[in-house]
1. Using only C-alpha positions, report the orientation-averaged shadow area of the convex hull of chain A, nm², one decimal.
2. Compute the normalised compactness of segment B:129-212: alpha-carbon radius of gyration over 2.2 N^0.38 Å, N being the residue count.
3. Kindly give Rg over Rh for segment A:1-86, based on alpha-carbon atoms, with the Kirkwood expression for the hydrodynamic radius.
4. Among the listed pairs A:Lys115/A:Lys191; A:Lys83/B:Lys202; A:Lys122/A:Lys197; A:Lys7/A:Lys154; A:Lys83/A:Lys122, give every one whose C-alpha distance is greater than 18 Å.
5. What relative contact order, as a whole-number percentage, does chain B give when Cα pairs under 8 Å and 6 or more residues apart are counted?
6. What's the whole-number percent of alpha carbon pairs in segment B:99-171 lying beyond 19 angstrom?
7. If you split all Cα-Cα distances of segment B:1-122 into 10 Å bins from zero, what percentages do you get per bin, shortest first?
8. Project the alpha carbons of the protein assembly as shown onto their principal axes and report the range along each, largest first, in whole Å.
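A short reminder: the numbers here are calculations on the coordinates, not readings from a lab. Small disclaimer: the values here were computed from a predicted structure and weren't measured. Positions of Cβ are backbone-derived with ideal geometry, glycine not excepted, and every protein chain shown enters the neighbour counts.
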Amino acid sequence: MIDEGLKNELAKQGVVATSLQELYNWGRSNSVWPLSFGLACCAIEMIAASMSRWDISRFGSEVFRPSPRQADLMIVAGTVTKKMAPQVVRLYNQMPEPKYVIAMGACAISGGPFKQGYNVLKGIDRLLPVDIHIPGCPPRPEALLHALIALQEKIAGEKLTGPNRPRHLRADAPSEFPVPEFGPHDLVPPKNDALWKPIPFVRAG
Amino acid sequence: MAMPLPVLEELKSLLEAALPGVRTELVPNGPVPAQASLRVAPTDADAAARFLRDDPRLRLDTCSNVTGIDWPDREEKTTSKAIVDGVEKETVEIRRVPGYLEVVYHLYSVSLKHGPVILRQRTANRGDDCTVASLTPVWRGCEFQEREVYDLFGVRFAGHPDLRRILMWEGFLDHPMRRDYVAPDDHEYEPTPHDEVLALAKAHYPAPEAKP
């Protein structure tokens, strides 16, 4: 491993020293292709972020792919109804690794104003592994850009070897998640218990 | 020149004069809306609807809205006073009134620029006989809204061309807008629960054990 101080000194002299991991992550994090896929009003903000005023292409993510086979990032932009949830999971399963999920807006992270409703999933993290949550109703395009930058930092910080390597480099980690079925009263199962482990909560009074 | 819409009482007598044998009932609605409506029996609904659409004075060519109402079973108390042996006695009689479902149609005339006329149909009960007549053959725009009423209230529309669930999935058994619908018990932590949500939170998250 090259010393950080030496690397900086070399950079000042116009010599670039890097590692394969850095180069690989640098390339990946600056060309995150999202799936073009929106569920509700948050999708309008996502579209605004991709247009000239906010211009998501400054961060290398302007290529919204209409096919999950070509996408790296799923932006869950909007309310996930129970009727839509199996299709969302199926789309995620069709994406190749490495893949990431941004849950955009109050509905996607918790059900939002519809949390007490009978027909809305209480957050997509019950069924999919979410990397970045953006609160807001809807979040502004700046918030989506912030989430994208946070995701890029996360990708850039991934270690390609060792026990903490990301999921797509581990043979034992799942790349697909079970698609819930439509049951007579609710989704079956309503959430993925292997994935969704909320902190135990005790009422104060 | 827009023609004034006949008041509902007048409209009722017009309808009954044109269609002998069809009985309608004026259903009042209290303030603030104060919009009375006309109730027709499901067997007469199609004929009455066609009259309202085609009569040159009415021309109610647009059905803007279809919705449902659930009236659950209720108990009606009647108190009667009688003097027995010089002592005034009060007897309370409790009568059980079976519930029913209603479908409400809001009708407008685009050509004569008047409306709304509110039309109602009522099912026999909330259980095995929840059938009313579909008005989709009269107003094409009712199709999806009647499907929604079927989905959320469980009203069957006889004569509907494609009566399937529209919002919930095929195989879903409940009708969520009915008063006695019980949602799946999947409560999750909320920072500021109150009312029914507080009761749910208490059931799901027992209070910590009291410290000695």
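1. For chain A, averaging the hull's shadow over all directions gives 15.2 nm².
2. That works out to 1.68 for segment B:129-212.
3. Details: Rg = 18.6 Å, Rh = 15.6 Å.
Value, to two decimals: 1.19.
4. The pairs that break the limit, which is 18 Å between Cα atoms, are A:Lys83/B:Lys202; A:Lys7/A:Lys154.
5. Normalised by residue count, the contact order of chain B is 17 percent.
6. 37 percent
7. Final binned percentages: 11, 35, 25, 13, 10, 5, 1, 0.
8. 107, 72, 35
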